[in-house]
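Have a look at the structure below before the remarks.
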Amino acid sequence: MKKTHLILSRRQFVKGSMVVGAGALMPMPSCLGANEQVNLAVIGTGGMGGGHLKSLPRLDGVKVVAVSDPDLHRMDEKTQHLAQPVAKHQDFRRVLDDKDVDAVIIATPNHWHALVAIMACQAGKHVYVQKPVSHSIWEGRQMVNAARRHKRIVQAGTQHRSCPAVIEAARDIQSGMYGQVQWVHCSKLGSREPIGKSSAPLKVPAHIDYNLWAGPAPATPVMRQQFHYDWHWQWNYGDGELGNWGVHYIDDVRHLLGWRDVPETVQALGNRFRWDDDGQTPNVIMALYEHQQVKVVLDVRNLQDLSRRGGKKGAVYLGMRGGNHIQMEKGYIRISRGGGKAYDLNGKQTKQYVGDGGRAHEQNFIDAIRSGKASDLNCEIGEGHLSTVMCHQANVAFKLGHAVTQETAQADLRRHDDALNTFEDMGAQISGMGVDLKRNHFVMGPKITYDNATEHFTGKYGKEANALIKLTGRRGFEIPAVEA
């Protein structure tokens, strides 16, 4: 059998590169026991990593013993509040080399998630990886394979899986309480500001190891005004709002409907309207998925709505934070972060679902480490991978697109009322921002098909779509192919 392990060479470690080869794995116990202390390391100390550094010490029997970030200043800042000193490493590989670390929390930029997770599994660590779990479909599958091969507990950071409201609603929907699911509207509506336009590359501060920060992605000059966070809107590092926020509600759809796969077809359209900045990802995007007989409209927007807070009549509007509308034979459910309600076909409330947004998700990870059972996880990496695949499906479909007129898009979307209504509502919002849609067109991709068994696109546009399912890793930071 061909060995594809990624090992940690101390010589290469000092030189700052990574190599692929064969090596022995650190032996680890299958579980720690119900009362044993779990030692954690947080890799990446930005917004999400900083949040973990505040919440993890509150869990019983949990100790943060190490942190890592290529930005030395940010790492120092985010660890000041900790009651106990922790080891601080600019290079995360030192964390993986620490035998006292039982598990790692990965809160790096998206392009690093897969490689850190795979290396952590190979080093015998359990893993909690933030959303979206991967930066491409192929690398997400390698993460799943690494978890299986090395028998590690790997939790995806889509915390709604631990929300009581979503869990209860999923049970009711799948029991048939509301009849057959007819269609779904999934949305995240929330305005953002443009990230600015650079006239020259940003000079990376000396306290940031940019080579290490870039890792598998191209280490090209930084063309954005703010080094941190705004990478979300540049394709080399982020996946746009779909991967940043949309993945939560996409994961809810799969959870609520009990899917163990992803849709067979997807079509997407959108663009980056009004903003002339260094961002590349669309600030308005919608996708129409088809999963067996159920159609799902995904609606993600980052533009303000100057004319109204709600959508026009006929469009599904779920508030500025968004959420999911599940339409069924006997009624419908509207649910978002924190809870939701069920209604009959006349709009009368029939039930309330009370939730907390998934506050116990970290605890669920710790409990699974102690039990040694990946089946105890609320969002094991296999589920997190598939929900992230849906984000990648929509982004791939968008990237294959070309400019179309509103009339062309409307004609194409007439096959589903909610898709047409959503598109028209988007147009009204964009026009309300002063954008001339006769000159600034939507970009619309073709309807593409996807095979769950092979995790490849098929059909007429398969070749072009499959060229986007795997990214080329930078030399020295290649993501390995891992056999399950």
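Remarks
- Number of the exception - ALA467 against (1) touching a residue at least 40 places away in the same chain (Cβ under 8 Å); (2) among the aliphatic types (A, V, I, L, M); (3) under 27 Å from HIS113 (Cβ atoms): (1)
- Residue in the stretch 143-157 that is surrounded by the most Cβ atoms within 10 Å (Cβ to Cβ), counting only those that are among the aliphatic types (A, V, I, L, M) and in a helix (DSSP H, G or I): MET143
- Selection count, the stretch 203-223, where residues are among the hydroxyl-bearing types (Ser, Thr, Tyr) and in contact with a strand residue (DSSP E or B) (Cβ under 8 Å, 6 or more places away or on another chain): 1
- Restricting the stretch 242-263 to residues that are part of a loop (DSSP other than H, G, I, E, B) and hydrophobic (A, V, I, L, M, F, W, C), the residue that is surrounded by the fewest Cβ atoms within 10 Å (Cβ to Cβ): TRP259
- Conditions (1) surrounded by fewer than 16 Cβ atoms within 10 Å (Cβ to Cβ); (2) assigned to a helix (DSSP H, G or I): number failed by SER191: (2)
- Within the span defined as the stretch 431-447, one or more residues are surrounded by fewer than 23 Cβ atoms within 10 Å (Cβ to Cβ), under 27 Å from the mean Cα position of the chain (by Cα) and more than 21 Å from ILE137 (Cα to Cα).
- Pair list, Cβ < 9 Å and 6+ apart or interchain, from the stretch 340-364 residues that are under 12 Å from PRO164 (Cα atoms) to residues that are basic (Lys, Arg): GLY340/ARG334; GLN352/LYS341; TYR353/LYS341; GLY355/ARG337; GLY357/ARG337; GLY358/ARG161; GLY358/ARG337; HIS361/ARG161
- Among (1) assigned to a helix (DSSP H, G or I); (2) under 20 Å from SER191 (Cα atoms); (3) assigned by TED's automatic domain parsing to the domain that holds HIS392 - the single one LEU269 does not satisfy: (1)
- Among the candidates VAL443, VAL404, VAL389, residue that is under 26 Å from PRO216 (Cα atoms) and among the aliphatic types (A, V, I, L, M): VAL389
- Tabulated pairs, the stretch 78-97, first part of a loop (DSSP other than H, G, I, E, B), second buried (at least 16 other Cβ atoms within 10 Å of the Cβ) and small (Gly, Ala, Ser), C-beta under 6 angstrom, 6+ apart or interchain: VAL86/ALA66; PHE92/SER68
- Exclusive hit being touching a residue at least 60 places away in the same chain (Cβ under 8 Å) and under 25 Å from GLY215 (Cβ atoms), set PHE477, PHE442: PHE477
- Residues that are over 18 Å from the mean Cα position of the chain (by Cα) and among the charged types (D, E, K, R) were ranked within the stretch 362-398; the one that is farthest from GLU36 (Cα to Cα) is ASP376.
- Scanning the stretch 45-77 for residues that are outside any helix (DSSP H, G or I) and either within 19 Å of PRO109 (Cα to Cα) or modelled with pLDDT under 95 (or both) yields THR45, GLY46, ALA66, VAL67, SER68, ASP69, PRO70, ASP71.
The values are calculated or read from the model by the stated rules, or taken from the named source; none is laboratory data. Just so we're clear, the structure is a prediction, and the values are computed from it rather than from any experiment. Note that we place each Cβ from the backbone using ideal geometry, even for glycine, and neighbour counts take in every protein chain shown.
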